[in-house]
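Peer 1: Below you will find the structure I want to go over with you.
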Amino acid sequence: MTTALTRPELTAADRCDRCGAAAQVRAVLQSGGELLFCGHHARAHSQKLRELAAELQQG
């Protein structure tokens, strides 16, 4: 049996890991870790996140 793990939707309480603004994007890393970004920082780091093969989830 395979179990898929799901992450909860982003809420107003979720904050950007860079600046503390409301999080709009969750980047799930291959290692299983996650980073939360506001729209500005998600765009600023999008190239590196693609290189890391991170899964991006819009909130």
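Peer 1: If I histogram all Cα-Cα distances within the chain using bins 10 Å wide from 0, what percent of pairs lands in each bin?
Peer 2: Histogramming the chain at 10 Å steps yields 24, 53, 19, 4, 0 percent.
Peer 1: Next question, about the same structure. Under 5 Å between amide hydrogens, which residues at least 5 positions from GLU34 or on another chain qualify, with H placed 1.01 Å from N in the peptide plane?
Peer 2: LEU29
Peer 1: Moving on. Take peptides 36-42, 47-53 and line them up by average Cβ neighbours within 10 Å, highest first, as a rough protection proxy.
Peer 2: On the way: 36-42: 19.1, 47-53: 10.7.
Result, highest mean first: 36-42, 47-53.
Peer 1: With +1 on the Cβ of every Lys and Arg and -1 on the Cβ of every Asp and Glu, and nothing else charged, how large is the dipole of the chain about its Cα centre, in debye rounded to the nearest 20?
Peer 2: On the way: 7 positive and 6 negative charges, 33 e Å.
That gives a dipole near 160 debye.
Peer 1: Under 5 Å between amide hydrogens, which residues at least 5 positions from ALA21 or on another chain qualify, with H placed 1.01 Å from N in the peptide plane?
Peer 2: Hits under the 5 Å cutoff: CYS16.
Peer 1: Separate question: For every helix of n ≥ 4 consecutive DSSP H residues, a contribution of -39,500 (n - 2.57) applies; sum these over the chain, divide by its total residues, and give [θ] at 222 nm rounded to the nearest 500 deg cm²/dmol. Each step should come with its number before you reach the end.
Peer 2: Numbers: 2 runs with 12 residues, N = 59.
Value at 222 nm, helices only, nearest 500: -4500 deg cm²/dmol.
Read-outs: derived from the displayed coordinates by stated rules, not from any lab. Since the model is a prediction, treat every value here as computed from it, not as a measurement. Positions of Cβ are backbone-derived with ideal geometry, glycine not excepted, and every protein chain shown enters the neighbour counts.
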